[in-house]
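Following: one structure in structure tokens, then a few remarks.
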Amino acid sequence: MSSTAVLGCAWGDEAKAKIVDVLAKDADYVVRFQGGNNAGHTIKLKDKKFVFHLVPSGILYPGKTCLIGSGVVIDPFQLLAEMDGLKAQGISFENRFFIDPRAQIVLPLHCELDGKAEADSKQTNIGTTKRGIGPCYSDAIARYGIRFGDLFDKKYLTERLENIIRYHNYPISDVSIVLEKLEQVTEQLRPFLKQIPYLLNEADDKNILFEGAQGTLLDVTFGTYPFVTSSHTSSGGIAIGTGFGKKVDRIVGILKSYYTRVGKGPFPTELHDEIGNRIRIQGNEFGSTTGRPRRCGWFDAVAAKYTSMINGIDEIAFTLLDVLSGFDTLKICTAYKIGDIITNEFPHSAKDLEQAIPQYIELPGWNDDITGITEYNKLPINAQKYIAKIEEIISKNVTIVSVGPERGQTIFR
């Protein structure tokens, strides 16, 4: 058995799906371990574009088995819609897609609660996707949640629905409405029920690839709290979200050649000028799930070193390097100034990070189109120097460089 994890090391949108797609070629199992359909992974294969929200992107390889672990929250209606869309594109799910019975179910009331919280002026506006993810995780912690396995026992499911509806002060008459909606999808999902911990821990002759969603700076504990998602996006979430009891052999951290963020929250290196807009346009930085324009900024090595440390990153995959072609000068943030103090540590609070003034070094850029380059030593020398400087600062080696969205636009060192 061998195991690899692919984790976003910023605020998400690091082009993880492209790297997962490339590495999935050698995997037997591809596993989602956290998040919900608030995540969006986009893969381009020749003239086709695939957007994933819940289904692991390894499903594009025939013969690979894709798994959804217990740490994922599932909107069953959205899952079936996504599966139907993929089936229409020739993707088969039969005997190669499974869901752990412990995964929590996102109900319509969770989406309603999410929207109300975001609209409440007395609460911190996080900028969520309003997909019900946070309220679903909250109910799980409060022990009122509905789990995937519950869907297949009508009597027990009815009791659980009554509990959760009372908990949220909804009319008890709503139980029959929700139950009827769930019954419409339950039988379609029954073939995919399987205990994932047994499947993974007994897979002695299999290669496992864990696919992260969002990014480490959105981790509910280690991210820029409270402007975070509701799950453990870091490597520690793998064991929690799958029941995999063994050490992951290889952890690949995904870093963009620049930084982006969607939604609210501090972002020290954010650019509010023409350069930031140019990066957004050249990188097509618009959310896969919501279409929202992403906030763009220079590479933040303070954040990168922090996320590499807490994830136990073994190597870095560096993505969207091609987007930086054409800039005369590039900047890398190497420290923050907070008040009178210069620090290399990532602050523990969003309040402190909001006050952080990035301290930059500047490097010369390059003008060459690098999208057709397949060997590292053929990259422009200034592109190589840019990567080398980041490797030096964060003390991690860049082993994969992506210079475009296609599988073939990937350089292995």
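Mind checking the full-extension length gain between residue 169 and residue 357? Use 0.36 nm per residue of separation minus the Cα-Cα distance, one decimal, nm.
Here the answer is 63.2 nm.
Note down the Stokes-Einstein diffusion coefficient of the chain in µm²/s, whole number, using a Kirkwood radius over alpha carbon pairs, 37 °C, and 0.692 mPa s.
Roughly 149 µm²/s, to the nearest whole number.
Tell me, what ³J(HN,Hα) does each residue in segment 357-373 have, in order and in whole Hz, if you take phi through Karplus 6.51 cos²θ - 1.76 cosθ + 1.60 with θ = phi - 60° and put x for Gly and Pro?
Karplus-based 3J(HN,Hα) across segment 357-373 equals 9, x, 9, 9, 10, 10, 10, x, x, 8, 10, 5, 7, 9, 5, x, 7 Hz.
Please list, in order along segment 199-213, the HN-Hα scalar couplings obtained from phi with the Karplus expression 6.51 cos²θ - 1.76 cosθ + 1.60 (θ = phi - 60°), rounded to whole Hz, x for Gly and Pro.
For segment 199-213, the Karplus-derived couplings read 4, 6, 6, 9, 8, 5, 10, 10, 9, 10, 10, 8, 10, x, 10 Hz, x marking Gly and Pro.
Return the lysines within reach of residue 44: Cα separation strictly under 16 angstrom, same-chain partners fewer than 8 residues apart disregarded; answer none if there are no such residues.
16, 18, 25
With the alpha-carbon atoms as the only input, what is the per residue convex hull volume for segment 1-105 in Å³?
Spread over its residues, the Cα hull of segment 1-105 gives 108 Å³ apiece.
For segment 261-382, just list the percent of Cα-Cα distances falling in each 10 Å bin from zero outward, please.
Pairs per bin, as whole percents: 11, 37, 38, 13, 1.
Taking the Cα centre of the chain as the origin, how large is its charge dipole in debye, to the nearest 20, when only Lys and Arg (+1) and Asp and Glu (-1) carry charge on their Cβ atoms?
200 debye
Quick one: go through segment 42-62 and flag any residue whose amide nitrogen is under 19 Å from the point 7 Å out along the Cα-to-Cβ line of residue 369.
Under cut-off, by backbone N: 46-47.
Antiparallel DSSP bridges in the chain: what percent, to the nearest 5?
Counting DSSP beta bridges with both partners in the chain, the antiparallel share is about 40 percent.
Testing the spin-label approximation: label points 7 Å from Cα along Cα→Cβ at residue 342 and residue 247. State their distance in nm.
The answer from the label model is 3.7 nm.
Apply the Karplus curve 6.51 cos²θ - 1.76 cosθ + 1.60, θ = phi - 60°, to the phi angles in segment 318-325 and return the couplings in whole Hz, x for Gly and Pro.
My calculation for segment 318-325 gives 9, 10, 6, 4, 4, 5, 7, 4 Hz in order.
Just how large is the dipole of segment 104-190 about the Cα centre, in debye to the nearest 20, putting +1 at every Lys and Arg Cβ and -1 at every Asp and Glu Cβ?
Dipole about the Cα centre, nearest 20: 160 debye.
Can you list, largest first and rounded to whole Å, the semi-axes you get for segment 184-329 by taking the square root of 5 times each eigenvalue of its Cα gyration tensor?
33, 19, 15
Starting from 0.36 nm per residue, how many nanometres of slack lie between residue 95 and residue 183 once their C-alpha separation is accounted for?
Extending this stretch completely gives an extra 29.4 nm.
Nearest 20 debye, what's the magnitude of the dipole of segment 158-246 about its Cα centre given +1 on Lys and Arg Cβ and -1 on Asp and Glu Cβ?
140 debye
Starting from the Cα-Cα distance between residue 378 and residue 48, subtract it from 0.36 nm times their residue separation and give me the gain in nm to one decimal.
Between residue 378 and residue 48, full extension yields 115.9 nm more.
Which residue, 323, 403, 353, has the largest displacement toward the positive end of the dipole of segment 255-412 when charges sit on each Cβ (Lys, Arg +1; Asp, Glu -1)?
Going by the charge dipole, the pick is 353.
In the chain, if the dipole is taken from +1 on Lys/Arg beta carbons and -1 on Asp/Glu beta carbons about the Cα centre, which of 298, 110, 12 is farthest to the positive end?
The one lying farthest along the dipole's positive direction is 110.
Taking the Cα of residue 385, stepping 7 Å toward and past its beta carbon, and measuring to each backbone N in segment 348-363: which are under 17 Å?
361-363
How compact and how long is segment 104-190, expressed as Rg and Dmax of its alpha-carbon atoms in Å?
Rg and Dmax of segment 104-190, Cα atoms, are 13.4, 42 Å.
Read-outs: derived from the displayed coordinates by stated rules, not from any lab. Bear in mind that the values here come from a model prediction, so they are computed numbers and not experimental data. Cβ atoms come from the backbone with ideal geometry, glycine included; neighbour counts cover every protein chain shown.
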